[in-house]
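Values quoted throughout were computed directly from the atomic coordinates according to the rules given, and no laboratory measurement underlies them. Here the structure is a predicted model, which is why all the values come from computation and not from measurement. Using ideal geometry, Cβ is built from the backbone for each residue, glycine included, and neighbour counts are taken over all protein chains shown.
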Amino acid sequence: MVQKGGVLVVLLCFILTSGLAQKNSDLAQKKGKTTKVDKDACLALVGYFTNSPLIKNVTVHLFMGSDLIDSVKTNSGKDFGFILKRNKRYSIHIVAPGYYSRLLTVNTDLDSTISTKPLFVFEFDLMLIKEMKGANDYYLDFPIASISYDLKIKKFTFSKRYTETMEKEVRKAQSDFKERKSTH
């Protein structure tokens, strides 16, 4: 679902494959590097930016608790990815000049009986929102998605209810801002 006016689009989808791990391994081999996948690794998290025109100088930070454990800079709106360990709590903080920062949370708690071979893969699309001076950005400080393992479907997924609520509040704030701006 694409919304007008730069509204955040979060189209979250998931796939159970080892494609990303293989892709990263193939890339590393081409560069003459060897890549070891941590035995505690359980999830390949892959994000794509859907903004047009493409956004430059996007930085994606990976935190475990309050500790920054990895950071990726992308240019021209390229995708990003991280390999996450099982039984950890992560947050992904995405920043770009002139855009509101975005936050996602990931909980990789898994029962010891759940195999992670091949790695689970969770892919998502994200559209960043241009900053609007004077707009109510209260809900933009909250995570846009909360990702975790769902025992019923045996996959990593996101809370659709939570994400829909956040999207609704962001759209409402943008609409209110545009209405206030047009009446002044």
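Miscellaneous remarks
- The lone criterion from (1) loosely packed, with under 14 Cβ neighbours inside 10 Å; (2) within 16 Å of the chain's Cα centre (by Cα); (3) under 15 Å from residue 171 (Cα atoms) left unmet by residue 160 is number (3).
- In region 135-159, the residue that is nearest to residue 82 (Cα to Cα) out of those that are among the β-branched types (Val, Ile, Thr) and assigned to a loop (DSSP other than H, G, I, E, B) is 144.
- Pairs are defined by a Cβ separation below 8 Å, a sequence spacing of at least 6 or placement on different chains, a first member in region 89-109 that is touching a residue at least 60 places away in the same chain (Cβ under 8 Å), and a second member that is basic (Lys, Arg); the pairs so defined are 106/89; 108/85; 108/86; 108/88; 108/89.
- Every residue from region 54-88 that is out of contact with any Ser or Thr (no Cβ under 9 Å at 6 or more places or on another chain) and closer than 14 Å to residue 38 by Cβ: 69, 70, 82, 83
- Filter result (free of Cβ contacts under 8 Å to residues at least 24 places away in the same chain and of a type outside the set (A, V, I, L, M)) within region 59-86: 66, 67, 70, 71, 73, 75, 76
- Each residue in region 51-65 was checked for being polar (S, T, N, Q) and more than 12 Å from residue 96 (Cβ to Cβ), and 1 of them qualify.
- Any chance residue 175 is surrounded by fewer than 14 Cβ atoms within 10 Å (Cβ to Cβ), hydroxyl-bearing (Ser, Thr, Tyr), more than 14 Å from the chain's Cα centre (by Cα) and under 21 Å from residue 39 (Cα atoms): no
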